[in-house]
Amino acid sequence: MIKNRIKIICVAAARPNFMKIAPLLEEFKKHQEFKPILVHTGQHYDYNMSGSFFKELNIQKPNYNLGIKAGLHGEQTGRTMIEFEKVCLKEKPQLVIVVGDVNATIACALVASKLHIKIAHIEAGLRSFNKNMPEEINRILTDHISNYLFCPTETAVKNLKKEGIIKNVYNVGDLMYDIFLKNIKIAEKKSKILKTLNLKPKEYYLATIHRAENTDSKNNMKEIFTALCEIKNIILPCHPRTEKYLKEYKLWDKVNENIKIIKPVGYFDMMWLLKNAKKMITDSGGLQKEAYFAKTPCLTLRDQTEWTETINNGWNKLIEIKKEIIIKNILAKIKTKTQMKYFGDGKAAKKITKILKTK
Ligand code: UD1
């Protein structure tokens with residue numbers, strides 16, 4: 001791409017970014033011509049939302065931490081832009097890599113675009129077709145100002161084509177599949193979570209809820225949590241946003257002994273909990289896919305999904321947010337078909353690196 005060493009700023013902000021940036025940084029290290037600089041915007045900052053992922057996935061210490069933390073959408077996005085611009089002006093990178101769909105993704109892409117720095121968007125082309133989701137706006141806008149679009153699936157490539165984006169679009173597979181394949185065996189060896197929580201494989205359900213469309217609705221939270229309270233053996237690593245709203249809606253104290261609410265867990269514990277769960281119940285984008293990788297059936301508490309491939313073979317099902325429907329589906333037997341290789345071959349990081357070297 002460029003002579004001498006190519007200075008690349010990689011941006012990571014929130015929990016779902018860390019597992020995508022990890023395999024990429026590891027691959028860049030093998031190529032002398034790349035000089036990666038890691039910027040952590042600080043959107044997630046607790047040890048269990050951020051630090052533990054850096055430790056377990058061996059991610060280099062960030063060169064910069066912008067310390068942005070939470071805030072209203074405009075505030076969080078704006079503050080990220082102000083701080084990220086300073087880093088770009090100082091470092092003068094040839095490329096900025098942003099991943100996923102969090103507020104920092106669009107914030108940093110926008111800064112790079114105004115400074116005429118090339119942008120690569122990893123996980124490009126995903127669409128839920130629901131513009132009420134902040135993530136959907138972040139995705140669409142980021143894709144439209146990116147110079148290189150690395151898609152995880154063929155569906156994502158088609159979505160971009162429908163919006164007229166066809167140049168420098170590559171289906172490289174999913175970086176989350178790279179990291180899953182690499183770490184699931186390590187998780188088996190290292191994770192003590194089943195023992196700690198006194199769980200037996202395939203005898204519990206794993207649940208996570210954190211998406212704004214659920215947490216911000218008292219009605220949705222009530223339907224979901226009153227349903228979960230009627231099922232035995234639910235393990236729920238609780239996102240800080242969810243805890244905050246459960247307390248606000250006065251549902252926190254109503255959670256009964258059927259649900260074991262625990263703090264957010266690290267990557268190894270989460271993957272091992274997922275691998276051994278009877279079913280995954282979630283509104284997370286990443287976990288729908290990881291459930292597919294782990295061959296654990298998933299129920300998604302949303303109206304739509306960006307990961308439509310997971311639905312095709314019966315491994316994932318969209319569930320209406322109604323107590324009785326949730327209960328019925330948790331208890332129902334799920335019929336799954338043979339899995340297709342929708343998410344690549346676990347070599348997404350290698351493919352991205354190879355493409356960037358030729359540019
Ligand atoms: C963000 C992403 C979402 C992603 C999710 C993964 C956007 C618009 N949303 O949502 O797409 O699925 O991350 O987790 O970018 N908090 C802590 N400790 C932390 C991090 C957050 O206590 O380490 C608290 C914050 O103070 C805030 C809440 O959690 O009250 C929400 O954090 P925020 O970054 O605003 O959004 P997420 O819900 O995490």
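Looking at the structure I just gave you, is K7 farther than 16 Å from V98 by Cα and more than 16 Å from the ligand (Cβ to nearest atom)? Criteria not met by K7.
Do you know which residues across the range 32-53 are open to solvent by 40 Å² or more (accessible area, probe 1.4 Å) and more than 18 Å from the chain's Cα centre (by Cα)? Those that are open to solvent by 40 Å² or more (accessible area, probe 1.4 Å) and more than 18 Å from the chain's Cα centre (by Cα): Q32, E33, K35. Restricting attention to the range 120-158, the residues being open to solvent by 10 Å² or more (accessible area, probe 1.4 Å), of a type in the set (D, E, K, R) and more than 16 Å from P16 (Cα to Cα) number 3. Within the range 241-252, residues that are within 15 Å of the ligand (Cβ to nearest atom) and at pLDDT 95 or above sit with their Cβ atoms under 6 Å from residues that are among the β-branched types (V, I, T) and not in a helix (DSSP H, G or I), at 6+ positions apart or across chains, in these pairs: T242/I209. If the condition is being among the charged types (D, E, K, R), open to solvent by less than 60 Å² (accessible area, probe 1.4 Å) and more than 11 Å from the ligand (Cβ to nearest atom), then the range 91-119 contributes only E91. Among the residues of the range 259-274, some residue qualifies, meaning at least one is open to solvent by less than 50 Å² (accessible area, probe 1.4 Å), closer than 17 Å to K323 by Cα and not assigned by TED's automatic domain parsing to the domain that holds M19. Only a single criterion out of (1) without any contact (Cβ under 8 Å) to a residue 60 or more places away in the chain; (2) outside any strand (DSSP E or B) is not satisfied by H121, namely (2). Please work out which residue is farthest from the chain's Cα centre (by Cα), limiting yourself to the range 208-231 and to residues that are in a loop (DSSP other than H, G, I, E, B) and closer than 19 Å to K263 by Cα. The qualifying residue farthest from the chain's Cα centre (by Cα) is C229.
For the range 76-90, a residue qualifies if it is within 13 Å of the ligand (Cβ to nearest atom) and hydrophobic (A, V, I, L, M, F, W, C), but none of them does.
Listed by first and then second residue, the pairs linking a residue in the range 20-42 that is among the acidic types (D, E) to a residue that is open to solvent by less than 20 Å² (accessible area, probe 1.4 Å), with Cβ atoms under 8 Å apart and 6 or more places separating them unless they lie on different chains, are E26/A349; E27/A349; E27/I352; E27/T353; E33/I6. Candidates are the residues of the range 54-78 that are of a type in the set (A, V, I, L, M) and either closer than 21 Å to L115 by Cα or at pLDDT 95 or above (or both); the one that is most open to solvent (accessible area, probe 1.4 Å) is L72. Does the range 79-91 contain any residue that is under 27 Å from K351 (Cα atoms), at pLDDT 95 or above and not in a helix (DSSP H, G or I)? Within the range 79-91, none of the residues are under 27 Å from K351 (Cα atoms), at pLDDT 95 or above and not in a helix (DSSP H, G or I).
When L72 is tested against the conditions (1) within 10 Å of the ligand (Cβ to nearest atom); (2) in contact (Cβ under 8 Å) with a residue 12 or more places away in the chain, the lone failure is (2). Pairs linking a residue in the range 204-224 that is acidic (D, E) to a residue that is in a helix (DSSP H, G or I), with Cβ atoms under 8 Å and 6 or more positions apart or on different chains, are E213/N220; D216/Y245; E223/K323; E223/I326. Taking helices (runs of 4 or more DSSP H) as the structural unit, those lying wholly within the range 132-207 and holding at least 1 residues that are under 20 Å from the mean Cα position of the chain (by Cα) correspond to 134-145, 154-162, 175-190.
The values are calculated or read from the model by the stated rules, or taken from the named source; none is laboratory data. Computed from a predicted structure; not experimentally measured. FYI the Cβ positions are ideal-geometry reconstructions off the backbone, even for glycines, and counts take in every protein chain you see. In case anyone asks, the SASA skips ligands and DNA or RNA and just uses the protein heavy atoms, side chains included. Shrake-Rupley method; radii C 1.70, N 1.55, O 1.52, S 1.80 Å.
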